[in-house]
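For reference, the structure is listed below as structure tokens.
Each reported figure results from applying straightforward, stated rules to the coordinates on display, with no laboratory input. Only a predicted model underlies this, so the values are computations on that prediction, with no experimental measurement involved. Reconstructed Cβ throughout: ideal geometry from the backbone, glycine too, with neighbour counts over all protein chains shown.
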Amino acid sequence: MSHNALGRSLTARGANPVMWPAIWLVLLMVCVWGFPYADGVLRVIEPDARQVVYQRASLASLLVQHLLVVSAAAVITTASGVLAAIVVTREWGRNFLPLVAQVASLGQTFPPVAVLALAVPALGFGTLPIIVALVLYGALPIVRNTLGGIQGVDKEVKSASAAMGMTGWQTLCQVELPLAAPVILAGIRTSITINISTAAIGATVGASNLGDPIIAGIVNGNMAYIIQGALTIALLALTVDSLFERLQERLRSRFYTS
Amino acid sequence: MALLDALPSPRMSWRQWRPNSVLVVLLSVLLVAVWLFDVVSVSPNRIVSGQGAGLVEAVGWLGALLVSGVILTLVLLSLQPSRQNYQVALVGVCLLLLLMPFGLMVASDRLVSSDAPPARLNMGMAYWLMLSLLFLCWIELRLRLTLPRRWTVLMLLGVAIVWWLCAMWALEALALGQEFRARDDEFWRALRQHISLVSVAVAISIGLGLSLAMLMRRYANFQKVAFGVLNFLQTIPSIALFGLMLGPLAWLAAQWPLLSQLGVSGIGWAPALLALVAYSLLPMVRNTYIALEQVSPETLEAARGMGMRNSQRFWQVRLPLALPVLIEGIRITSVQAIGLTAVAALIGAGGLGAFIFQGLGQAAMDMVLLGALPILILALIADAGLGALSDILRPKNTVPPGEAQ
């Protein structure tokens, strides 16, 4: 109980949480559409460069590509991760439970960069290997949290649902999953935060996304490029993360006030 | 009593036979994989992709039958699970792991002609699958046998030593080894850089984290703000934070020549270290805070009753009791820092990540492996080592509160 209270204070940001997603989103939009016209401002940072506005692709299209890759990976990871965790917590799949639980926690020690790097020799350059690497790595926190959430459901509650005549499927959908939802959502949040970051590193293996301006900036020694990429991607991460925080708040309040 | 106990048991009585389906599945996949995919591939030089070779081609009929025989025996053993059979199976899995480098030797003997020195042997799809599936089997067996951690670590160490010896002395043709020998000075330097960057960052964050956690325990308002800021930092993608550190540091170094004499500049170790510490603080502070908070008030009261001063209570009671959770924090922080330092290579901080990004740039996959595999191994070692340390330091809570020691 005290842990829960601590967890809540750990996520508190001080201000009204409703506002944060909107604030980050507005700032993100300002960045995406403002930078092409911010020649003068960027010139201050990098006075000697031939070009200060990143022009190989528009930030908006890079943002869309980044979001596409991350959300494709997120949909696959969430579906497969939750499914795997459900399978191994059923009576007939229980044999696999120890192994899956162990792998889900051990796998998280693998650095995402190393996973990405190892995916390239196996799968080649481009967007597809990145999605595969993101899926492989991103599934782990979801599996782990779903397992934790389902196993955390009180035995008595499950007994009660069985006594009410619920079938296994009904117990799963109406008791176990709703009760585990906050924990599962936390896992999805972790997974997506990691994936936004890892996808950006994917720019080094030939995917074009928001990592591109940063890499181009580092290669050419152009600080202005780096700032455009870094600010946009940081704001994207903050927008998504704060959205999830809102979702978690809402789930929590639904559970603890009713 | 749980209500379920009163219900009829779902387990049917005629179903006495319960094979270990996990091992059966894993080993069957393994058996299919070694016959279906390329075990090794031979390439004439570094960049050209290789010519694949199947199991029979690589190790001959005798070797292929030996491997399949061992795998089939393991399948049979896992059909009749018992403690004894699991032990035999564990020996079998270790045997296969030990045989794998010798398989490579045989393959290099058969496939790589000695008069073409730049030709190199790559491990193929089936080889990697075999390695990972055997590792999974090994984890499964370990869990079923509930072996203590040090035994399993010793066993893996033994296997690793055999692999290392084979790679060093007998496998000239192996691509990874060739890549290593071509730049071994560079490799050791990168490894040293990597480890020192990680350890300095972790050391700084331990110091900072401890002081921040103490401040938080004193001032509740500070706690809210600090966790907010640290959470915020953690959310920012690593590559963006590394990038954003470049500018301010370059500016600082330009303003104060003393700093640039110390080696601080926009590119290199300084921004990397700053970003690493920024990332390390959240897990560090969070665990330190929880560790210090969870010490039971009764224990502290008892210490006060014994006449301990405040500082004594902190150093002799609170800190030792908090140590396991604190070390758990150091474990999470170190594993994370090992991975992030790889990204830091992008801003010229060196380390093993440099091999990854250089290799990706030159499309030389062996070089990528040369960077990625040691990073993986370092992370696993840090995880296992610090996890074991935290286990050792955890006080045995077997003495009930009534019985004093």
Checklist line | Fewest-first sequence of B:Cys94, A:Cys173, B:Cys137 by Cβ atoms within 10 Å of each Cβ | finding: A:Cys173, B:Cys94, B:Cys137
Next item on the list: For the range B:89-97, take each phi angle, set θ = phi - 60°, evaluate the Karplus expression 6.51 cos²θ - 1.76 cosθ + 1.60, and give the result in whole Hz per residue in order, putting x for glycine and proline.
Entry: 4, 4, 4, x, 4, 4, 4, 4, 4
Next item on the list: Filter the trypsin sites (Lys or Arg not before Pro) in the range A:62-161 down to the DSSP loop ones having no more than 10 other Cβ atoms within 10 Å, then list what survives.
Entry: none
Note to self: Let me understand the range B:184-393 better: what is its radius of gyration from the alpha carbons, and its Dmax, in angstrom?
What the structure shows: 19.7, 68
Note to self: With loop defined by DSSP as not H, G, I, E or B, and exposure as at most 16 other Cβ atoms within 10 Å, which is the longest segment of chain B clear of exposed trypsin sites (Lys or Arg not before Pro)?
What the structure shows: B:16-182
Check: Stokes-Einstein at 4 °C, 1.567 mPa s, Kirkwood radius from Cα pairs: D for the protein assembly as shown in µm² s⁻¹?
Finding: 47
Next item on the list: Please identify, among B:Gly305, B:Gly209, B:Gly268, the residue showing maximal mean-square fluctuation in a Gaussian network model of chain B using a 10 angstrom Cα cutoff.
Entry: B:Gly305
Next item on the list: Report the label-to-label distance for B:Gln84 and A:Val30 in nanometres (one decimal), using points 7 Å from each Cα along the Cα→Cβ vector.
Entry: 7.5
Margin query: Place a point 7 Å from the Cα of A:Val157 along the Cα-to-Cβ direction; which residues of the range A:90-108 have their backbone N under 18 Å from it?
Written below: A:90
Checklist line | Rounded to 5, percent antiparallel among DSSP beta bridges of chain B | finding: 90
Check: At 25 °C and 0.890 mPa s, what whole-number value in µm²/s does Stokes-Einstein give for the translational diffusion of the range B:260-314, with Rh from the Kirkwood sum over Cα pairs?
Finding: 168
Next item on the list: Run the quick spin-label model on A:Arg94 and B:Ala182: label points 7 Å from Cα toward the beta carbon, then report their separation in nm to one decimal.
Entry: 5.4
Check: Efficiency by 1/(1 + (r/R0)^6): what FRET value for B:Ile381 and A:Met164, r their Cβ-Cβ distance, R0 = 51 Å, to the nearest 0.05?
Finding: 0.50
Notebook entry, point to check: Using alpha carbons only, what's the Rg to Rh ratio of chain A with Rh from Kirkwood?
Noted result: 1.05
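Can you tell me how much longer the chain between B:Trp61 and B:Leu233 gets when fully stretched, taken as 0.36 nm per residue apart minus their C-alpha distance, in nm with one decimal?
On the way: separation 172, 0.36 × 172 = 61.92 nm, distance 5.74 nm.
Length gained, B:Trp61 through B:Leu233: 56.2 nm.
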Checklist line | Among A:Ala84, A:Ala101, A:Ala38: highest mean-square fluctuation, GNM of chain A, C-alpha pairs under 10 Å | finding: A:Ala38
Margin query: Distance between the C-alpha centers of the range B:286-320 and the range A:184-258? Whole Å please.
Written below: 40
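Can you sort B:Ile377, A:Ile150, B:Ile392 by how many other beta carbons sit within 10 Å, fewest first? Each step should come with its number before you reach the end.
Details: B:Ile377 13, A:Ile150 22, B:Ile392 10.
Ascending number of Cβ neighbours within 10 Å: B:Ile392, B:Ile377, A:Ile150.
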Checklist line | Spin-label zone in the range B:77-102 - amide nitrogen under 18 Å from a point set 7 Å from the Cα of B:Val70 along the C-beta vector | finding: B:77-78, B:86-102
Margin query: Ignoring everything except DSSP H segments at least 4 long, calculate the 222 nm mean residue ellipticity for chain B; use -39,500 (n - 2.57) per segment, divide by total residues, nearest 500.
Written below: -25000 deg cm²/dmol
Notebook entry, point to check: What number in nm² do you get for chain B if you take the convex hull of its Cα atoms and divide its surface by four?
Noted result: 29.2
Next item on the list: Name the residue, out of B:Leu393, B:Leu340, B:Leu191, whose mean-square fluctuation peaks in a Gaussian network model built on chain B with Cα pairs under 10 Å.
Entry: B:Leu393
Notebook entry, point to check: So what's the gap between the Cα centers of the range B:57-94 and the range B:168-196, to the nearest angstrom?
Noted result: 33
Checklist line | Modelled FRET efficiency - R0 60 Å, A:Ala22 with B:Leu131, Cβ distances, 0.05 increments | finding: 0.75
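Beyond 25 Å, what share of the Cα-Cα pairs of the range B:18-175 remains, rounded to the nearest whole percent? Provide the component values of the computation, followed by the final result.
Values: 4113 of 12403 pairs.
The share of Cα pairs beyond 25 Å in the range B:18-175 comes to 33 percent.
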Next item on the list: Note down the relative contact order for chain B as a percent, whole number, built from C-alpha pairs under 8 angstrom at least six residues apart.
Entry: 14
Next item on the list: Measure off 7 Å from each Cα along the Cα-to-Cβ vector at B:Leu147 and B:Ala170, then give the distance between these two points in nanometres to one decimal.
Entry: 2.2
Notebook entry, point to check: Under 5 Å between amide H atoms, partner at least 5 residues away or on a different chain: which partners does B:Leu174 have, H built in plane at 1.01 Å?
Noted result: B:Leu121
Next item on the list: Rounded to whole Hz and in sequence order, give me ³J(HN,Hα) for the range B:352-368 from the Karplus expression 6.51 cos²θ - 1.76 cosθ + 1.60, θ = phi - 60°, writing x for Gly and Pro.
Entry: 5, x, 4, 4, 4, 6, 4, x, 5, x, 9, 6, 9, 5, 5, 5, 4
